[in-house]
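First comes the structure, then the notes that go with it.
The values are calculated or read from the model by the stated rules, or taken from the named source; none is laboratory data. Quick caveat, the model's predicted, so the values are computed rather than measured. Ideal geometry is used to build each Cβ from the backbone, glycine not excepted, and the neighbour counts take in all protein chains shown. Surface areas here come from the heavy atoms of the whole protein model, side chains and all, with no ligands, DNA or RNA. Shrake-Rupley method; radii C 1.70, N 1.55, O 1.52, S 1.80 Å.
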Amino acid sequence: MKQREGRPGQKKTSGPSGESRRDDRAGRPPKPVAQPAASREAAVPAAVVRPLMTRSGERPTERVPVILESLGAGDFHLIDSGNGEKLEQYGPYRIIRPEAQALWRPSLAPPVWEKVDAAFTGDTDEEGAGRWRFPKEALGETWPLNLLGVDFLGRFTSFRHVGVFPEQIVHWSWMKEQVEKAGRPLKVLNLFGYTGVASLVAAAAGAEVTHVDASKKAIGWARENQALGRMEKLPIRWICEDAMKFILREERRGSQYDIILTDPPKFGRGPNGEVWHLFEHLPLMLDVCREILSPKAVGLVLTAYSIRASFYSIHELMRETMRGAGGVVESGELVIREAGTDGKTQGRALSTSLFSRWVPK
């Protein structure tokens, strides 16, 4: 399915496939009309259906709850939030976007919020399209940004996102560290890879990367980002395909990866009509991911956006999936802390998503 554009135009993303990350990323399909269960299942390719493995042994130890916090990084920081919106800095631009979890009042005075370069208006639902308003002057479609030393393009999409989910920097920093200290080229699989920032971070650190997203627009954007940073020679395979189909094929081939990042959407459709429903298909996706982890795997990272669930639901699923593998499962939330206009004045923490991460020790 198409992969988190949450994942060009959240992260729709991929169903057993992999459309862009969140449910409102670029190029995602409109919100689905409710269908009978039978018709939904008929839309999923037969190849997707395989029984879950029977796992034995002890479940991994656990660390909960874990809050992974970012104060911003590179060209991004969260300035303020409140009244269902967030005020952010992306490079030279100050931007306002909807944020349902900002239940409080803004900390900063109205004049600060009024001096913005762009504001997203229209449908505030995660799967709804809208438009951008430019109070000062019309801005170009793209502009350069940098995170963790990687250059990429920001873009004003109709699904409110701009091409990166900066809260993910905590996972990317962890991955970068693992790759750099491994002493060998690690193989990284980035499912629902969206615009490729994580893939470029991993490859620049020395990993061999396979990037999968079902959205042609997202893959095209990722290649633009690679060219912008003059990173064309880095070992990255760009795969435009349904994520579930891809990993099932990798399982049959006996392919293995040292790190797997998976950032599935709540709902998505693949290029051939494949349907993805997070609560129906996530157990199988994780099950297959475990089968393609290498014997010396470094980690399996799952992030979930825009779902009504406790992090404990994906935490316990991850522990069951990794039964008998040893190691630790740590789960909780990703949050971004307000940093004020100067990028340094700490304020409230804004929750962005749930995560669960298995590591060997």
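Inside the stretch 44-64, can you point out the residues that are outside any loop (DSSP other than H, G, I, E, B), among the aliphatic types (A, V, I, L, M) and either modelled with pLDDT of 95 or more or open to solvent by 30 Å² or more (accessible area, probe 1.4 Å) (or both)?
Those that are outside any loop (DSSP other than H, G, I, E, B), among the aliphatic types (A, V, I, L, M) and either modelled with pLDDT of 95 or more or open to solvent by 30 Å² or more (accessible area, probe 1.4 Å) (or both): Ala46, Ala47, Val64.
With the condition kept exactly as written, say whether any residue in the stretch 231-242 is surrounded by 24 or more Cβ atoms within 10 Å (Cβ to Cβ) and at pLDDT below 95.
The answer is yes; a qualifying residue exists.
Taking the stretch 296-310 only, how many residues are modelled with pLDDT of 95 or more and either surrounded by fewer than 18 Cβ atoms within 10 Å (Cβ to Cβ) or of a type in the set (Phe, Trp, Tyr) (or both)?
1
Could we say that Ile67 is open to solvent by less than 20 Å² (accessible area, probe 1.4 Å) and either at pLDDT 95 or above or not polar (S, T, N, Q) (or both) here?
When the stated conditions are applied, Ile67 does not pass them.
Among the residues of the stretch 327-339, are any outside any strand (DSSP E or B) and open to solvent by 40 Å² or more (accessible area, probe 1.4 Å)?
no
Could you please find all residues in the stretch 179-201 being touching a helix residue (DSSP H, G or I) at 6+ places or on another chain (Cβ under 6 Å) and small (Gly, Ala, Ser)?
Gly193, Gly196, Ala198
If I filter the stretch 215-228 for residues that are in contact with a Cys (Cβ under 9 Å, 6 or more places away or on another chain), of a type in the set (Ser, Thr, Tyr) and buried (at least 24 other Cβ atoms within 10 Å of the Cβ), do I get at least one hit?
Yes, the stretch 215-228 contains a residue that is in contact with a Cys (Cβ under 9 Å, 6 or more places away or on another chain), of a type in the set (Ser, Thr, Tyr) and buried (at least 24 other Cβ atoms within 10 Å of the Cβ).
Modelled with pLDDT of 95 or more and either touching a Gly at 6+ places or on another chain (Cβ under 9 Å) or surrounded by fewer than 17 Cβ atoms within 10 Å (Cβ to Cβ) (or both): does that describe Gly324?
yes
Could you tell me which of the residues Ala118, Ala100 is of a type in the set (Gly, Ala, Ser) and open to solvent by 70 Å² or more (accessible area, probe 1.4 Å)?
Details: Ala118 fails: open to solvent by 70 Å² or more (accessible area, probe 1.4 Å).
Exactly one residue qualifies, and that residue is Ala100.
Please pick out the residue among Asp242, Asp263 that is over 30 Å from Tyr93 (Cβ atoms) and under 19 Å from the mean Cα position of the chain (by Cα).
Exactly one of Asp242, Asp263 is over 30 Å from Tyr93 (Cβ atoms) and under 19 Å from the mean Cα position of the chain (by Cα), namely Asp242.
Of all residues in the stretch 273-295 being assigned to a loop (DSSP other than H, G, I, E, B) and touching an Asp or Glu at 6+ places or on another chain (Cβ under 7 Å), which is most open to solvent (accessible area, probe 1.4 Å)?
Ser294
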